[in-house]
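The values are calculated or read from the model by the stated rules, or taken from the named source; none is laboratory data. A quick note: this is a predicted structure, and the numbers were derived from the prediction, not measured. Neighbour counts are summed over all protein chains in view; Cβ atoms, including those assigned to glycine, are modelled from backbone coordinates with ideal geometry. Each accessible area value is taken on the protein alone, full model and side chains, heavy atoms only, with ligands, DNA and RNA left out. Shrake-Rupley method; radii C 1.70, N 1.55, O 1.52, S 1.80 Å.
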Amino acid sequence: MKQLTLLLLALSLAAQLHAAKRPNIIVMMADDMGWSDIGCYGGEIQTPNLNGLAANGVRFTQFYNTGRCCPTRACLMTGTYPHQAGIGHMMGPKGDLPGYRGDLGKDVRTIAEVVKTAGYSTYMAGKWHVTPHVRPDTPKYNWPRQRGFDRFYGTIHGAGSFYDPNSLTRENTLISPLNDLEYQPETYYYTHAIADHASRYIREHKGKDNPFFIYVAFTAPHWPMHAMEKDVKKYDGVYDKGWDAIRQARYERQTKMGLINKDWAMTPRDSRSAPWENAQDKEWDIRNMEVYAAMVDALDQGVGGIIQSLKETGQFDDTLLLFLADNGGCAEGMGRGNGTSYRDKKDPESIKPMDKDELQLDMIPVRTRDGRVVRQGKEVMAGGPDTYIGYGLSWANTSNTPFREYKHYVHEGGISSPLIAHWPKGIDTTRHGKLEHQPGHLIDIMATCVDLSGAKYPTKDVVPMQGVSLAPAFNGNGIGREAPIFWEHEGNRAMRDGKWKLVAKGANSPWELYDIEADRTELNDLAEKDPARLAKMAQTWEDWAVAAKAKPWPWGQPQKPKGKKK
């Protein structure tokens, strides 16, 4: 009996040790948020919860996304490059090209599907955006519940109103904010709803020995600029000095923090952006940025609620929290024309209040739930449910400080993402507040989850994992990456191999070559000085593009690699 008791005790201790090595994992992602927006990456936006995670965790300075929302989501969820997952562009097919089916492939697995095999419960709240099938009468084989998640609350589509989200879904059923009996806040706001459901999953999770994986896919601060007025008021006067001054202040904070090398010059203001003193619509542009900041602020509040739920349930120390963004700041001109509204495009007689059971399936709603016309244009101040406006190129240029380009593109401004890793029992206190400079990519998140969960990644009839585990880097060790990192989106293409980056803007543009250690802001093109290196890297990219199904592509035919630009 004594021997049996000792054996059971030993087994119990072994089980506890094993459990301690298998953390809960929460991946939180912002949507269309630039590298410099949050406080711990140089921004002036109030993000105390994210700043706290950074101060007691590790910040990666060279973490990358794919430059666009749905390719990023496919890449993050599967640990493969987006073309390998069938989503090289947006939703829906581009011809019969296998890399551009626009629907998540059957030959890839999601993180949820993989970690379930190791006993993890799996939950998701937020934006899915990896299938074109978003309406009630369409197939659901690629909805979250069918791709490994035990519970889901969020949107299947990629964008919409924050007050009345497009394709809002609970589990497998499309709903409206008004007919959802399980969630009835005083004022519905999607960012809060996403965070509230993530917190609910934490509180309702059964069994501390059974770890969980939660994917929290915020839609903030993607257009439209929608925010609660109490949050917008926090930023009254903050942006009155304009984008040039805000951008310079962020750059100075970033160099002081050590996020960027002081020898890297900040990129010039985009030539399409007027100097602030010459801006034509200052009051309107200030309001847009105030609302944008309030959206990021609300996201941070949601992160705070998730942290509180973990602490209240005694799970904070055993949880790895990762925070990142899906692409750089968005320069798209959504709703920035003059005097446009959907009243001009729809029969005014159809503008009437919506029934509580009526589903919202329009990315840009025709009307609010109470029947107001949704308006766009420079005579409309952003923020409320009857507006639909983006913050535009000049503020996106600020969001991406100090880098070039934006969402869509694969220069540093389009693909650079914050990555905060926080895990009290897994990250040594000597690493708290430290910066990690090893390059990482979305393909590495799957590998990290497999590593820490003890799951076995399938080897039959699936695309192999493309990344490496980032877990060693949490404590200052090398991650052992051997292969370069690659990008392709809309003909924009790039490759990172050690300190060298090859990049081109557009399918027919010539390659550029940069030494990222000396020049991460990509201001000194070495293509003409080192044509042999450029040609070798270009061929490596071409070989990858064919193997990864990025080519053949539906864009223009690229030029052959040349050292000199035409």
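Points worth noting:
- Condition check for Tyr153: assigned to a strand (DSSP E or B) and under 28 Å from Gly390 (Cα atoms): yes
- Candidates Leu168, Leu97, Leu104, Leu181: the one that is among the aliphatic types (A, V, I, L, M) and modelled with pLDDT under 95 is Leu181.
- From the options Ala245, Ala274, Ala265, residue that is modelled with pLDDT of 95 or more, more than 23 Å from Cys40 (Cα to Cα) and over 25 Å from the mean Cα position of the chain (by Cα): Ala274
- Residue within the stretch 62-77 that is of a type outside the set (Gly, Ala, Ser), closer than 22 Å to Leu452 by Cβ, surrounded by fewer than 24 Cβ atoms within 10 Å (Cβ to Cβ) and touching a residue at least 40 places away in the same chain (Cβ under 8 Å) present: yes
- Of the residues in the stretch 81-95, none is under 10 Å from the mean Cα position of the chain (by Cα), assigned to a loop (DSSP other than H, G, I, E, B) and under 19 Å from Val503 (Cβ atoms).
- Any hit, the stretch 511-533, residues being within 29 Å of Asn210 (Cβ to Cβ), in contact with a strand residue (DSSP E or B) (Cβ under 7 Å, 6 or more places away or on another chain) and not in a loop (DSSP other than H, G, I, E, B): no
- Scanning the stretch 295-338 for residues that are in a strand (DSSP E or B), closer than 25 Å to Arg404 by Cβ and touching a Gly at 6+ places or on another chain (Cβ under 9 Å) yields one hit, Ala325.
- Residue ID - surrounded by the fewest Cβ atoms within 10 Å (Cβ to Cβ), chosen from residues in the stretch 101-123 that are more than 19 Å from Ala455 (Cβ to Cβ) and over 20 Å from the mean Cα position of the chain (by Cα): Lys106
- Filtering the stretch 9-39 to residues that are open to solvent by less than 10 Å² (accessible area, probe 1.4 Å) and either among the hydrophobic types (A, V, I, L, M, F, W, C) or at pLDDT below 95 (or both) leaves Ile25, Ile26, Val27, Met28, Met29, Ala30, Met33, Trp35, Ile38.
- Residue match in the stretch 537-556 (condition: open to solvent by less than 50 Å² (accessible area, probe 1.4 Å), out of contact with any strand residue (DSSP E or B) (no Cβ under 8 Å at 6 or more places or on another chain), part of a loop (DSSP other than H, G, I, E, B) and within 24 Å of Val58 (Cα to Cα)): no
- The criterion of being over 19 Å from the mean Cα position of the chain (by Cα), within 28 Å of Val108 (Cα to Cα) and not basic (Lys, Arg) holds for Asn142.
- Within the stretch 44-57, being out of contact with any Gly (no Cβ under 6 Å at 6 or more places or on another chain) and open to solvent by 10 Å² or more (accessible area, probe 1.4 Å) holds for Glu44, Gln46, Pro48, Gly52, Asn56.
- From the list Asp530, Asp519, the lone residue that is more than 22 Å from Ala483 (Cβ to Cβ) and open to solvent by less than 70 Å² (accessible area, probe 1.4 Å) is Asp519.
- Just one of the listed residues (Gly302, Gly333, Gly390) is in contact with a Leu (Cβ under 9 Å, 6 or more places away or on another chain) and either open to solvent by 50 Å² or more (accessible area, probe 1.4 Å) or at pLDDT 95 or above (or both), namely Gly333.
- The number of residues in the stretch 20-51 being in contact (Cβ under 8 Å) with a residue 40 or more places away in the chain and part of a helix (DSSP H, G or I) comes to 6.
- Matching residues, the stretch 466-488, being in contact (Cβ under 8 Å) with a residue 24 or more places away in the chain, under 24 Å from Arg431 (Cβ atoms) and touching a helix residue (DSSP H, G or I) at 6+ places or on another chain (Cβ under 8 Å): Gly467, Val468, Ser469, Leu470, Ala471, Phe474, Asn475, Gly476, Gly478, Ile479, Ile485
- Of the criteria (1) at pLDDT 95 or above; (2) in a loop (DSSP other than H, G, I, E, B); (3) in contact with a Gly (Cβ under 6 Å, 6 or more places away or on another chain), which one Phe60 fails: (2)
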